[in-house]
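Below: the structure, in structure tokens.
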Amino acid sequence: MSTTRSLHRPSSAVAAPSAICVMDADPAAVPILRAFARQTVGRWGRAECAVESLALIVTELVTNACLHSGSSQVTLCLFRDEGQVGVHVLDQGRWRDAHHAVLDEDADLHGRGLRLVRAYADTMEIRRTEAGTHVVATLLTGAPQAQPDCA
């Protein structure tokens with residue numbers, strides 16, 4: 001079951017507009033949350049390249065939460081201001097240590113998610129707490145409609 005509602009992310013001056021969706025931490029949530037991110041950021045008037053970059057970031061972070069955290073739910077929070085869009089993915093689980101073994105035949109398919117996020121995002125922060133894992137990634141986009149589409 002998913003829940004969607006408006007949320008304001010506190011900032012130092014004014015709360016930035018944001019959107020949130022909470023779902024069961026199941027791989028079936030990944031395409032739903034990716035579509036939610038595309039639709040939301042698209043409505044915010046960002047360039048198509050920002051929408052697609054954020055969708056890739058959401059895909060990787062939500063997939064990690066669903067597959068590796070052991071959490072029952074995953075929360076996706078999207079936020080924006082004049083010059084950036086961002087994503088905050090939260091789970092209530094405990095991610096496995098990054099040093100867990102991957103079978104050789106699977107090495108090409110797994111283990112690149114956070115590297116992809118770092119490559120696409122302008123900033124990324126991972127915080128592991130007793131309550132779960134929080135990952136925040138942002139993209140600098142400039143003002144809405146000010147950026148050309150990706151080439």
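The values are calculated or read from the model by the stated rules, or taken from the named source; none is laboratory data. Small disclaimer: the values here were computed from a predicted structure and weren't measured. Cβ: placed from backbone, ideal geometry, glycine included. Neighbour counts: every protein chain shown. Quick note on the areas: whole protein, heavy atoms, side chains included, nothing else; ligands and nucleic acids left out. Shrake-Rupley method; radii C 1.70, N 1.55, O 1.52, S 1.80 Å.
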- request: Kindly indicate whether any position in segment 24-47 is of a type in the set (Lys, Arg), part of a helix (DSSP H, G or I) and at pLDDT below 95.
  value: yes
task: Within segment 86-95, count every residue that is closer than 17 Å to LEU116 by Cα and open to solvent by less than 10 Å² (accessible area, probe 1.4 Å).
output: 3
query: Which number in (1) closer than 19 Å to ALA65 by Cβ; (2) at pLDDT 65 or above; (3) of a type outside the set (Val, Ile, Thr); (4) open to solvent by 80 Å² or more (accessible area, probe 1.4 Å) marks the one condition that GLY113 misses?
result: (4)
query: Which of the residues spanning segment 39-63 are hydroxyl-bearing (Ser, Thr, Tyr) and more than 20 Å from VAL22 (Cβ to Cβ)?
result: SER53
task: Six or more apart or on different chains, Cβ under 9 Å: which pairs go from a residue in segment 59-79 that's closer than 15 Å to ALA28 by Cα and open to solvent by less than 10 Å² (accessible area, probe 1.4 Å) to one that's among the hydroxyl-bearing types (Ser, Thr, Tyr) and in a loop (DSSP other than H, G, I, E, B)? Could you list them?
output: ALA65/SER71
